[in-house]
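Here is the structure we will look at.
The values are calculated or read from the model by the stated rules, or taken from the named source; none is laboratory data. Bear in mind the structure is a predicted one, so any value in this text is a computation, not a measurement. Every residue, glycine among them, receives a Cβ derived from its backbone with ideal geometry; neighbour counts consider all protein chains shown. Side chains included, ligands, DNA and RNA excluded: accessible areas come from the protein's heavy atoms. Shrake-Rupley method; radii C 1.70, N 1.55, O 1.52, S 1.80 Å.
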Amino acid sequence: MQKAYFNSPVGVLEICGDESGVCEINFVRDFVRTDVTDANLKLCLSELESYFKGELKTFKTRLNIGGTAFQRCVYENLQKIAYGQRITYAKLAEMAGRPKAFRAAGSANAKNKIPIIVPCHRVIASNGLGGYSGGEGLATKIWLLEHETKFKDKA
């Protein structure tokens with residue numbers, strides 16, 4: 001397992017992965033200079049830089065997504081939400097094939113270990129924004145949503 005660090009507008013991101021793919025992106029306090037040798041981690045760093053510049057809308061970084069079968073289904077469906085779009089937890093549950101399991105879909109969403117690339121921030125409550133467990137919480141979710149809205153229609 002190799003780690004890489006990225007200074008983003010929403011804080012320092014620690015990216016963990018190996019040849020099978022990125023398995024975690026954590027919001028951390030300190031940036032650590034690392035010598036990244038893994039090609040997929042290098043791609044991830046490059047894509048994150050492009051994403052935060054508003055130039056990238058779809059990630060090609062290889063992922064190694066863990067979790068239960070339902071969680072993995074939720075994460076696969078999160079990746080189908082277009083850049084700059086928002087859906088509700090109820091819609092996410094429906095997409096995962098369990099329309100009445102919106103709380104379970106929300107719980108899986110909160111446990112997402114690969115935020116930003118697996119865009120859990122694009123899921124909102126039917127009566128507001130809902131929550132966000134990464135970075136500075138709701139402030140981070142709002143920043144990501146506004147960032148994508150700003151660059152949504154740009155090439």
Fill in the blank from the handout: Conditions (1) modelled with pLDDT of 95 or more; (2) touching a strand residue (DSSP E or B) at 6+ places or on another chain (Cβ under 6 Å) -> Ala82 fails only (2)
Problem - Output for the stretch 43-64, where each listed residue is among the aliphatic types (A, V, I, L, M) and either assigned to a helix (DSSP H, G or I) or surrounded by 17 or more Cβ atoms within 10 Å (Cβ to Cβ) (or both) - result: Leu43, Leu45, Leu48, Leu63
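Per-residue answers, yes or no, for (1) over 23 Å from Cys16 (Cβ atoms); (2) in a loop (DSSP other than H, G, I, E, B); (3) more than 16 Å from the chain's Cα centre (by Cα):
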{"site": "Glu94", "(1), (2), (3)": "yes, no, yes"}
{"site": "Arg98", "(1), (2), (3)": "yes, yes, yes"}
{"site": "Ala104", "(1), (2), (3)": "yes, no, yes"}
{"site": "Val118", "(1), (2), (3)": "no, yes, no"}
{"site": "Ala139", "(1), (2), (3)": "yes, no, no"}
{"site": "Glu146", "(1), (2), (3)": "yes, no, no"}
Completion exercise
Here the residues within the stretch 106-116 that are surrounded by fewer than 22 Cβ atoms within 10 Å (Cβ to Cβ) and in a helix (DSSP H, G or I) are Gly106, Ser107, Ala110
Exercise for the section: Inspect all residues belonging to the stretch 125-133 and state whether any of them is open to solvent by 50 Å² or more (accessible area, probe 1.4 Å) and either modelled with pLDDT of 95 or more or basic (Lys, Arg) (or both). Expected result: no
Exercise for the section: Taking Asn40 as meeting all but one of (1) in the same structural domain as Ala110 (by the TED database); (2) assigned to a helix (DSSP H, G or I), write down the number of the exception. Expected result: (1)
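Report yes if Ala82 is more than 14 Å from the chain's Cα centre (by Cα) and either of a type in the set (Gly, Ala, Ser) or within 28 Å of Ala69 (Cβ to Cβ) (or both), otherwise no.
No.
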Practice task
Pull up the stretch 69-92, narrow it to residues that are without any contact (Cβ under 8 Å) to a residue 40 or more places away in the chain and over 25 Å from Lys152 (Cβ atoms), then point me to the one that is most open to solvent (accessible area, probe 1.4 Å).
Solution key: Arg72
